[in-house]
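Some notes on the structure that comes next.
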Amino acid sequence: MIKKPRSVPNGRVRDKCGAVRDDHCRNGRHTPSMHAMLPRPSLMLRHGAHAAVCAMALCAAACSADRSNRIGFDGVAITPCPNPQQLERELAGVTARLRVAFPETYAGRRISCDPLQVVVLLKGDTRYRTRTMQWPHGDVTVSFVSGSRYSTRDMNAMLASGKLLRWFPDADGVGTDAVNGQIQVYAKDAAKFTRYRAAAIEAEKELGVPVAVTRQLGTVRL
């Protein structure tokens, strides 16, 4: 016997779980408890901006990432910019705010052009909606990529544990590039630089964290 589906009120839809909800977050996976937390239109009118913020927070998450255990920005389409250093300086404030907003999951960012946008890598499976943020030239688009195995905070802990000594025992400097989200290893001489570039490939495979080796002349401050 085939059950006839129950009618759904205007302005609402039935999600994949069968729950009736307002027509937003159409592609999200809602559980009954999440459905119960969604604000009704009358409540949003009553409480104004506060309810709207709550609804946006609920709609931002709840979809699985398309790839887990991502190593850095591997597989993410980034279009190089013609003036990267200038953009880095002008977008420093945006980067700082993003690192504060996602202290536990921030795993780096890249600046992509055509169109200009800041692409943020996050640890975990939660996906977030694209948003805009203020910078010296108005609004800039900020998009998010989830699935990183480590956050920059995790990278700092990894350095403190001494794990990197296995691959870089006599490095001239090792640190975390917290803006771009990678381990930075410095080598002064050419032979060490060549050896460490090969070691970085092995470290990335085993640890799942991006490692950049830089030829550094002079003193390196850690």
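The values are calculated or read from the model by the stated rules, or taken from the named source; none is laboratory data. Treat the numbers as computed from the prediction; the structure is a model and nothing was measured. All Cβ positions, glycine included, derive from the backbone under ideal geometry; neighbour counts span all protein chains shown. The area values use the complete protein model at the heavy-atom level, side chains included, leaving out ligands, DNA and RNA. Shrake-Rupley method; radii C 1.70, N 1.55, O 1.52, S 1.80 Å.
Going through region 51-88 one residue at a time, which ones are modelled with pLDDT of 85 or more and charged (D, E, K, R)? Correct list: GLU88 only. Are any of the residues in region 89-96 at pLDDT 55 or above and over 19 Å from the mean Cα position of the chain (by Cα)? Yes, because at least one residue in region 89-96 is at pLDDT 55 or above and over 19 Å from the mean Cα position of the chain (by Cα). Given (1) at pLDDT below 95; (2) open to solvent by less than 40 Å² (accessible area, probe 1.4 Å); (3) closer than 16 Å to GLY208 by Cβ, where does ASP125 come up short, assuming only one miss? Evaluating ASP125 over (1) at pLDDT below 95; (2) open to solvent by less than 40 Å² (accessible area, probe 1.4 Å); (3) closer than 16 Å to GLY208 by Cβ leaves (2) as the failure.
Once region 198-222 is narrowed to residues that are among the charged types (D, E, K, R) and exposed (fewer than 12 other Cβ atoms within 10 Å of the Cβ), the residue that is modelled with the lowest pLDDT is ARG221.
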